[in-house]
Amino acid sequence: MISIAVQENDFESGTEINRLSAMGGGAISSFVGQVRGDGKLRALELEHYPAMTEKALRKIAVKASEQWALHGITIIHRVGRLQVGEQIVLVCTCSDHRQAAIEACSYIMDQLKTVAPFWKKEILQDGTENWVEERQSDLDAAQYWKN
Amino acid sequence: MISIAVQENDFESGTEINRLSAMGGGAISSFVGQVRGDGKLRALELEHYPAMTEKALRKIAVKASEQWALHGITIIHRVGRLQVGEQIVLVCTCSDHRQAAIEACSYIMDQLKTVAPFWKKEILQDGTENWVEERQSDLDAAQYWKN
Amino acid sequence: MSHQLNVVYFSWVKERIGRDQDIIDCPENAETVAQILEFLQSKDAVYQEVFADLKKLRFALDQDFVGLETLLGSAKELAIFPPVTGG
Amino acid sequence: MSHQLNVVYFSWVKERIGRDQDIIDCPENAETVAQILEFLQSKDAVYQEVFADLKKLRFALDQDFVGLETLLGSAKELAIFPPVTGG
């Protein structure tokens, strides 16, 4: 069961984990990304491509479910303005086996970072704004799964 | 910050994730193991070696914090009688980087399966009881981190 | 018959162009993504500057990632944006 | 002076022996974990049977995993149990 949500509202990781664990697989892996403060950052503005976002996330989830035996996949990605410390993304996977759950969760995050149409703009304490640039480490991580 | 708990009571994965995410690392990985039903199983009885358990879990957490840059590690393991579907274990890690958080979480689970003094007894629907035997796949998983 | 294409922009591409989409009539000889970019650049100095470094851009045709040489076919929407940075 | 050792059992080792610990006076010539096992086996047919296949057992001395040839030293507690199966 694949569940995808793109929303402005916050989410409760515990609620999502409990929903997947109710499927009885026994192994639930999850990842939460949040806005990390470095002293200079005030907030992030998350833009996306509404017509494409859910399609792209679903494609990633389907690929994961073809590679690992999963009972369920949940992806929630927030958009709009997010303050330092707020949650951005949740990926949660449920399987009979912990390696499958953990690897699928890691795979989905790596793909999401490189093929889901989201763009982050940093709003700094001094008011300046910068579009975040892609990172080589994210490209390398996504590449790993192709080998 | 390492937090270890061995307890009969259930836990709330969301509460534990939120506690670690409050440290501001930005990347929070977690794993939940639960009693998986196969139709024949009624419950598990989790025994442990109280004088050693926390020491063994803390040693695993310290080793993880030496290998990855982590802001926090939480390990909760339940003991006593657990019905099908109940949660057994939670591992949660927080880092600045998602790969570090995910790998450390995976490492801790693999170590926990092989060097933490817990023993599972299966209580089947028909009343028979079996001590669970160690699995080669768990030994292989723990071995992986030594290479 | 002229083929209408909705060209949508995101992130700094949208900011620099100053709007989030253009509805264009594809010229007869524009068969690929690259040729649409050339067409837009020929019309306007802003496009010329924003699309100057193609390595900094990514493209999606009807909401699927494509390369510069992909044929437009009967696609209705071309999206132009920088590399994604979500998650 | 005789060295007292608390020998604790878990899982099916505890069930087969029928209790969760023994407090024993180590014999003078028992210096390793293996020698304590031999000493216990020599005392009782139940120990002899439960400890018959050493490959199925694991050991901890003062709450640290050890091998059969580890020296007892001044350890106060020896634990004998099957491979762990938590998580």
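The values are calculated or read from the model by the stated rules, or taken from the named source; none is laboratory data. Please read these numbers as outputs of a predicted model, since none were measured by experiment. Positions of Cβ are generated from backbone atoms using ideal geometry, with glycine treated the same way; all protein chains shown enter the neighbour counts.
Could you count how many residues in the range A:65-106 are hydroxyl-bearing (S, T, Y) and closer than 11 Å to A:F31 by Cα? Walk me through how you get there before you give the answer.
Of the residues in the range A:65-106, the ones hydroxyl-bearing (S, T, Y) are A:65, A:74, A:93, A:95, A:106.
Among the residues that remain, those that are also closer than 11 Å to A:F31 by Cα are: A:74, A:93, A:106.
Qualifying residue count for the region: 3.
Would you please name the residue that is nearest to the other protein chains (Cβ to nearest Cβ), looking only at residues in the range B:14-73 that are under 30 Å from D:V13 (Cα atoms), part of a strand (DSSP E or B) and of a type in the set (A, V, I, L, M)?
Top of the filtered list is B:V32.
Within the range A:13-65, which residues are among the acidic types (D, E), farther than 20 Å from A:A142 by Cβ and surrounded by fewer than 23 Cβ atoms within 10 Å (Cβ to Cβ)?
Pass one, the range A:13-65, residues among the acidic types (D, E): A:16, A:38, A:45, A:47, A:54.
If we keep only those that are farther than 20 Å from A:A142 by Cβ as well, we get A:16, A:38, A:45, A:47.
Passing the criteria: A:D38, A:E45, A:E47.
Just to be sure I understand, how many residues within the range C:18-51 are within 14 Å of chain A (Cβ to nearest Cβ) and in contact with a helix residue (DSSP H, G or I) (Cβ under 7 Å, 6 or more places away or on another chain)? Lay out the reasoning, then the answer.
Residues of the range C:18-51 within 14 Å of chain A (Cβ to nearest Cβ): C:20-21, C:50.
Next, from what is left, pick out any that are in contact with a helix residue (DSSP H, G or I) (Cβ under 7 Å, 6 or more places away or on another chain): C:20, C:50.
Result for the range C:18-51: 2.
Filter the range B:98-147 for residues that are in contact with a strand residue (DSSP E or B) (Cβ under 7 Å, 6 or more places away or on another chain), more than 10 Å from chain D (Cβ to nearest Cβ) and in a loop (DSSP other than H, G, I, E, B) and give the result.
B:Q125
Mind checking which strands (runs of 3 or more DSSP E) fall wholly inside the range C:1-82 and carry at least 1 residues that are closer than 21 Å to A:K120 by Cβ?
Numbers: elements: C:3-9, C:21-26, C:58-61, C:64-66, C:77-81.
Result: C:3-9, C:58-61, C:64-66, C:77-81.
Name the residue, out of B:L124, B:L139, that is surrounded by fewer than 17 Cβ atoms within 10 Å (Cβ to Cβ) and either within 12 Å of the chain's Cα centre (by Cα) or at pLDDT 95 or above (or both). Break it down into steps so the answer makes sense when it comes.
Values: B:L139 fails: either within 12 Å of the chain's Cα centre (by Cα) or at pLDDT 95 or above (or both).
Just a single option satisfies the conditions, and that option is B:L124.
Out of the range C:22-66, which residues are in contact (Cβ under 8 Å) with a residue 12 or more places away in the chain, within 11 Å of C:I80 (Cα to Cα) and out of contact with any Leu (no Cβ under 9 Å at 6 or more places or on another chain)?
Passing the criteria: C:K56, C:R58, C:Q63.
Within the range A:81-96, track down each residue that is in a strand (DSSP E or B), out of contact with any Ser or Thr (no Cβ under 9 Å at 6 or more places or on another chain) and within 9 Å of another protein chain (Cβ to nearest Cβ).
Residues of the range A:81-96 in a strand (DSSP E or B): A:81-83, A:87-95.
Narrowing the set further to residues that are out of contact with any Ser or Thr (no Cβ under 9 Å at 6 or more places or on another chain) leaves A:81-83, A:88-89.
Selection gives A:I88, A:V89.
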